[in-house]
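Trainee: Just dropping this structure here.
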Amino acid sequence: MAEAEKTAIEFQHVRKDFTGQTILKDLNLTIPADEIFVLVGPSGSGKTTTLKMINRLEEPTDGTITFFGRPVAAYPLQELRWSIGYVLQHIALFPNMTVAENIAVIPEMKKMPRDRLRARTEELLAAVDLPAKTYADRYPDALSGGEAQRVGIVRALAADPGVILMDEPFSALDPISRTQLQDLILRLQSKLHKTIVFVTHDMQEAVKVGDRIAVMHNGVILQVGTPAEIRQHPAAAFVADFFAGAEMGRVAWADTVAQVLASGVLTATSQPPTPAVTLHTTVAALAPQLAAGTVLAVADPRTRQTYRLDAQGLLNYIVRVHTAEGESNS
Ligand SMILES: Nc1ncnc2c1ncn2[C@@H]1O[C@H](COP(=O)(O)OP(=O)(O)OP(=O)(O)O)[C@@H](O)[C@H]1O
Ligand SMILES: [Mg+2]
């Protein structure tokens, strides 16, 4: 970071009770401007509640939240909300309005000039790969889930707020759309440099999109840092495990039989090699068979031995790879 960091949002000793139960305890958080700040944690850890206190959909029971140096409670509500875009997991587009009309709602309330609104809508739709010519006049029921989420992102950006809150914006999407939209957010952000507070329960997603990550558990922030800092120096066992879960998924899934053989975890067998399994077959392709209990055998050209590959062998491989990664990182 070249320039001095500016703080966009700050939580100071924030507590939140619901019906007498403390959900968030003494929350302290500094969210820098112009970065993607990710709140990651398991279900029920308090992520959505934290997010909603920023735009005052929830009020803290105790403590202060400041927005560019001024307590959120001191802003006129409308001014605060207009400065903050909001994207939800299930984007609620107005079904009786076209894509363009949905995008125009807030800018029109803010009295953005027509020409400027039209230009901005076209520009933003193009940026999310939804050309206005094709999509502007469509109704929401003619959009796929991924397309609707993109419109939701455009809608949140249309009035040009400095801050965008995103609550699990991609969680309901299939893995391919999800990856595409993660890439899209990173591309958009490299141009727009907004302050984005992004909530997810997926550590892999957090690491991919976050400049900085806060790990939450049971209403407490366990650690704040860059993805690399958290990976290298997890501050609590929970953080390390949460990270390990994501790493394991990433490492093992795309690996090939050749890598499994090279790890040395498989045991020799006299069973003949399974013809369909080659050195290039991926773990992802084999997992369903292994999970169903099939015992495969693979020939290793280096040792000229045949090895047994079953569910236990795969699990041993995952543990081996993960342990090796952990060691090389520390
Ligand atoms: N309006 C409410 N009234 C009572 N309890 C609530 C209310 N909203 C949230 N809670 C409780 O507060 C806790 C935190 O909820 P929150 O929605 O912030 O979690 P989360 O981390 O966003 O979880 P998820 O990943 O499932 O969305 C939960 O135990 C939830 O049941
Ligand atoms: Mg939530």
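The values are calculated or read from the model by the stated rules, or taken from the named source; none is laboratory data. Nothing here was measured: the structure is a model prediction, and the numbers come from that model. Cβ placement follows ideal geometry from the backbone for every residue including glycine, while neighbour counts extend to all protein chains displayed. Only protein heavy atoms, including side chains, enter the accessible area calculation; ligands, DNA and RNA are left aside. Shrake-Rupley method; radii C 1.70, N 1.55, O 1.52, S 1.80 Å.
Trainee: Between L315 and V220, what is the label-point separation in nm under the 7 Å Cα-to-beta-carbon projection?
Mentor: If labels sit at V220 and L315, their model points lie 3.1 nm apart.
Trainee: Could you tell me the distance between the Cα centroids of region 223-302 and region 140-209, to the nearest Å?
Mentor: After rounding, the separation between the Cα centres reads 29 Å.
Trainee: Continuing with the same structure: Can you give me the P(r) profile for the chain? Cα pairs, bins 10 angstrom wide beginning at 0, each as a whole percent.
Mentor: Once binned at 10 Å, the Cα pair distances of the chain give 5, 22, 25, 21, 15, 8, 3, 0.
Trainee: Another question about this same structure. Relative contact order, percent, of region 254-329 when contacts are C-alpha pairs under 8 Å separated by at least 6 residues?
Mentor: Computed over region 254-329, the figure is 35 percent.
Trainee: For the residue pair R114 and D183, what label-to-label distance in nm results when each label sits 7 Å from Cα along the Cα-to-beta-carbon direction?
Mentor: The modelled label-to-label distance comes out at 3.9 nm.
Trainee: Kindly provide the trypsin sites (Lys or Arg not before Pro) of region 37-127 that DSSP labels as loop, not H, G, I, E or B, and whose Cβ sees at most 11 other Cβ atoms within 10 Å.
Mentor: Those that pass, being in a loop and sparsely packed, are K111.
Trainee: In addition: Which of these, N316, N102, N218, has the largest mean-square fluctuation under a Gaussian network model of the chain (Cα springs below 10 Å)?
Mentor: Looking only at N316, N102, N218, the biggest GNM fluctuation is shown by N316.
Trainee: Still on this structure, please answer the following. Once the Cβ-Cβ distance between V105 and A228 is put in as r, and R0 is 45 Å, what FRET efficiency do you end up with, to the nearest 0.05?
Mentor: 0.70
Trainee: Here is a further query. Skip the ligands, DNA and RNA, and give the accessible area per residue of region 254-329 with a 1.4 Å probe, whole Å².
Mentor: With all protein chains present, region 254-329 gives 56 Å² per residue.
Trainee: Need the full-extension length gain, Q271 to E122, defined as separation in residues times 0.36 nm minus the C-alpha distance. One decimal, nm.
Mentor: 47.4 nm
Trainee: When the dipole is taken about the Cα centre of region 154-229, and only Lys, Arg (+1) and Asp, Glu (-1) are charged at their Cβ, what size is it in debye, to the nearest 20?
Mentor: 240
Trainee: Could you check the spin-label model distance between Q305 and R138? Points 7 Å from the Cα along Cα→Cβ, value in nm.
Mentor: Rounded to a tenth, the inter-label distance reads 5.5 nm.
Trainee: Once you've got the GNM for the chain with C-alpha springs shorter than 10 Å, pick whichever of I164, I23, I213 has the biggest mean-square fluctuation.
Mentor: The residue with the greatest mean-square fluctuation here is I23.
Trainee: Which FRET efficiency value, to the nearest 0.05, do you get for L279 and D174 by plugging their Cβ-Cβ distance into 1/(1 + (r/R0)^6) with R0 = 22 Å?
Mentor: The computed FRET efficiency comes out at 0.15.
Trainee: To the nearest 0.05, how large is the calculated FRET efficiency for R70 and A240 if R₀ is 45 Å and r is the Cβ-Cβ distance?
Mentor: Calculated transfer efficiency: 0.75.
Trainee: Based on DSSP, what percent of beta bridges with both residues in the chain are antiparallel, to the nearest 5?
Mentor: Approximately 60 percent, going by the DSSP bridge assignments.
Trainee: On average, how much accessible surface per residue is there in region 7-236, in Å², for a 1.4 Å probe, leaving out ligands, DNA and RNA?
Mentor: In whole numbers, region 7-236 has 45 Å² accessible per residue.
Trainee: So what is the relative contact order of the chain, in percent, for Cα pairs below 8 Å that sit 6 or more residues apart?
Mentor: Relative CO of the chain lands at 18 percent.
Trainee: Which one of V295, A214, Q271 has its Cα pushed farthest toward the positive end of the charge dipole of region 206-311, where Lys and Arg give +1 and Asp and Glu give -1 at the Cβ?
Mentor: About the Cα centre, the residue reaching furthest to the positive side is Q271.
Trainee: Let me ask another. What Rg and what Dmax come out for region 254-329 when only alpha-carbon atoms are used, in angstroms?
Mentor: 11.9, 38
Trainee: Carbon and sulfur: what percent of the chain's accessible surface (1.4 Å probe)?
Mentor: 53
Trainee: Follow-up question, since we're still on this one. So if I place +1 on the C-beta of Lys and Arg and -1 on the C-beta of Asp and Glu, and nothing else carries charge, what would the dipole magnitude of region 7-236 be about its Cα centre? I want it in debye, nearest 20.
Mentor: 340
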